[in-house]
1. Consider only pairs whose beta carbons are under 8 Å apart and that are at least six residues apart or on different chains; among these, list those whose first residue lies in region 114-143 and is closer than 21 Å to Glu71 by Cα and whose second residue is more than 16 Å from ligand 2 (Cβ to nearest atom) and of a type in the set (Asp, Glu).
2. Looking at Glu83, Glu72, Glu77, Glu103, which one is surrounded by fewer than 12 Cβ atoms within 10 Å (Cβ to Cβ), within 16 Å of ligand 2 (Cβ to nearest atom) and not polar (S, T, N, Q)?
3. What are the residues in region 14-41 that are assigned to a loop (DSSP other than H, G, I, E, B) and not polar (S, T, N, Q), if any?
4. Return yes or no: is Asp136 acidic (Asp, Glu), modelled with pLDDT under 90 and either more than 15 Å from ligand 2 (Cβ to nearest atom) or surrounded by 14 or more Cβ atoms within 10 Å (Cβ to Cβ) (or both)?
5. Which is more than 17 Å from the chain's Cα centre (by Cα), among the hydrophobic types (A, V, I, L, M, F, W, C) and buried (at least 19 other Cβ atoms within 10 Å of the Cβ), of Leu61, Leu18, Leu54, Leu44?
6. What number goes with the only condition from (1) farther than 30 Å from Cys135 by Cβ; (2) in contact with a Cys (Cβ under 8 Å, 6 or more places away or on another chain); (3) not β-branched (Val, Ile, Thr) that Gln21 does not pass?
7. With respect to Glu105, is the statement that it is out of contact with any Gly (no Cβ under 8 Å at 6 or more places or on another chain), of a type in the set (Asp, Glu) and more than 23 Å from Ser33 (Cα to Cα) true?
8. Considering only residues that are at pLDDT 90 or above and within 21 Å of Gly76 (Cβ to Cβ), look in region 106-128 and name the one that is surrounded by the most Cβ atoms within 10 Å (Cβ to Cβ).
Amino acid sequence: MDADKYLIDAIRSQGRRLTRQRQLVLEILQDSSEHLDADAVYELAKSRGLKVSLATIYRSLSLLKDLGLVEEHRFGEDHGHFETTQDGPHAHFTCLRCGRVVELEAPKIITAARAHGERAGFRVVEVTLHLSGYCDECQNEMREEQP
Ligand SMILES: [Zn+2]
Ligand SMILES: [Zn+2]
């Protein structure tokens, strides 16, 4: 879905609950190709002239999550990374060395996992597929570091 339409649809369907501030948080996530954590969203919000506290950013993110507009991923860390749900199902790879997050196309396996859960009688809300290991660059560097 194209980014502007995503935001417009979101505002239209959730209009009353999407304050200017929450819209901006959504815009920040939408404009970023990365998986931002709350601190990064906070810094970007400040750089766009929004006067908010980190706690407010957390609350906005949590509301956007409840509205189904934003997803949170843990990636094996104690803090979440956020992205809009506009990209459709995909898997994530995180590098254990440099922390890089890469998106992987994996709709088939995700659809299959969802169907599996539904066959078991569950109402599946989210399917998360997370791979971790070492990215190609880190593998190269690790080879060079070896004596
Ligand atoms: Zn790496
Ligand atoms: Zn992603």
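The values are calculated or read from the model by the stated rules, or taken from the named source; none is laboratory data. Because the structure is a prediction, the values reported are computed rather than measured. Cβ sites come from the backbone with ideal geometry, for glycine too, and all protein chains shown count toward neighbours.
1. Val124/Glu118
2. Among Glu83, Glu72, Glu77, Glu103, only Glu77 is surrounded by fewer than 12 Cβ atoms within 10 Å (Cβ to Cβ), within 16 Å of ligand 2 (Cβ to nearest atom) and not polar (S, T, N, Q).
3. Leu18, Glu34, His35
4. Values: acidic (Asp, Glu): yes; modelled with pLDDT under 90: no; either more than 15 Å from ligand 2 (Cβ to nearest atom) or surrounded by 14 or more Cβ atoms within 10 Å (Cβ to Cβ) (or both): yes.
Spelling it out, it is not the case that Asp136 is acidic (Asp, Glu), modelled with pLDDT under 90 and either more than 15 Å from ligand 2 (Cβ to nearest atom) or surrounded by 14 or more Cβ atoms within 10 Å (Cβ to Cβ) (or both).
5. That would be Leu18, the only listed residue that is more than 17 Å from the chain's Cα centre (by Cα), among the hydrophobic types (A, V, I, L, M, F, W, C) and buried (at least 19 other Cβ atoms within 10 Å of the Cβ).
6. Gln21 satisfies all of (1) farther than 30 Å from Cys135 by Cβ; (2) in contact with a Cys (Cβ under 8 Å, 6 or more places away or on another chain); (3) not β-branched (Val, Ile, Thr) except (2).
7. Taking the combined requirement at face value, the residue does not satisfy it.
8. Ile110
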